[in-house]
1. Calculated from DSSP H runs of 4 or more alone, at -39500 (n - 2.57) each and per residue, what is the 222 nm mean residue ellipticity of the chain, nearest 500?
2. Does the range 73-166 classify as rounded, prolate or oblate by the C-alpha gyration tensor (a ≥ b ≥ c root eigenvalues; a/c under 1.5 gives rounded; else a/b over b/c gives prolate, otherwise oblate)?
3. Taking only C-alpha pairs under 8 Å that are 6+ residues apart, what is the relative contact order of the chain in percent?
4. Read phi for every residue in the range 154-160 and hand back ³J(HN,Hα) as whole Hz from Karplus 6.51 cos²θ - 1.76 cosθ + 1.60, θ = phi - 60°, with x for Gly and Pro.
5. For the pair Q18/R120, report the inter-label distance in nm, with labels modelled 7 Å from Cα in the Cβ direction.
6. Which of (1) 1.16; (2) 0.93; (3) 1.01 is the computed Cα Rg over 2.2 N^0.38 Å for the structure on display?
7. In the structure displayed, which of K125/K209; K81/K197; K63/K209; K24/K105; K105/K165; K63/K165 lie more than 26 Å apart, Cα to Cα?
8. By count of other Cβ within 10 Å, fewest leading, how are W155, W12 ordered?
Amino acid sequence: MTDEARERLLQWRDRALQHANRHKELVYLNGPDVPKVALTFDDGPDDRITPMIAETLSRYGVKGSFFFIGSRARQYPEVVKAVYEAGHLVFGHSYDHDRLTTLDKDSLDRNFQQTQAVIRDIIGKEPAMFRPPFGDADEAVFQAARLAGCSTVLWSLDTLDWSQKEEAHIRRNVETFVRNGEIVLMHSHSGCIETAKALPQMIETLQRKRMRVVGLEELLDAPAYRS
């Protein structure tokens, strides 16, 4: 990672912390200081990596939290349904991986409505959590999410599987830096074979550290789906 990219990450972290502090129970950056972590996966689904990741999680008896792009969920509804029926959590990640802060209010509301509707039509439930692409959000995005019935979930530990893509780097970033209550960012699109390969040893390391891998609803003590 370049110095410039690292500086951008640090600036994002500062902004995210300010948002989370300003909007209690509306914006989440991490969970409480307890030996639990949530493994979260953005940018799916696809028909290869997403099923591999979900199968690994199920094999270890842990729950994952998936933030799916609406248009891709529409393309692979059977994958979304299988992930949900395996006991994992399914949320929205915009309709087309849109940079939501660039949209006007009508477009923003429509984006949420489309994404929520796609997931509801597949699993029969409407998410109560969402994550903005790139972690890029502002007051308008938070309020649009709230109107759609969603809290905004960011993350506290980035595996950098989008930058340092080798399996060893992905695992090391978690094994070295994980703390109680982490929301761990990973990805599950078709280019994420290294993430899928890193996952078994990552889970085993967390379990050796006596950290439970749980879904976001348990970590945050917040509903996963709208009632």
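What follows is calculated from the coordinates using simple rules that are stated; it is not laboratory data. This is a predicted model, so every value here is computed, not measured. Methodologically, a virtual Cβ is constructed for each residue, glycine included, from the backbone with ideal geometry; neighbour enumeration extends over all protein chains shown.
1. Counting only the DSSP helices, I get -14500 deg cm²/dmol.
2. Note, shape of the range 73-166 comes out oblate.
3. Relative contact order of the chain: 30 percent.
4. Karplus-based 3J(HN,Hα) across the range 154-160 equals 9, 7, 10, 9, 9, 6, 6 Hz.
5. Computed distance between label sites Q18 and R120 equals 3.4 nm.
6. Comparing each candidate, only (2) matches the computed number.
7. K125/K209; K105/K165
8. With the fewest neighbours first, W155, W12 line up as W12, W155.
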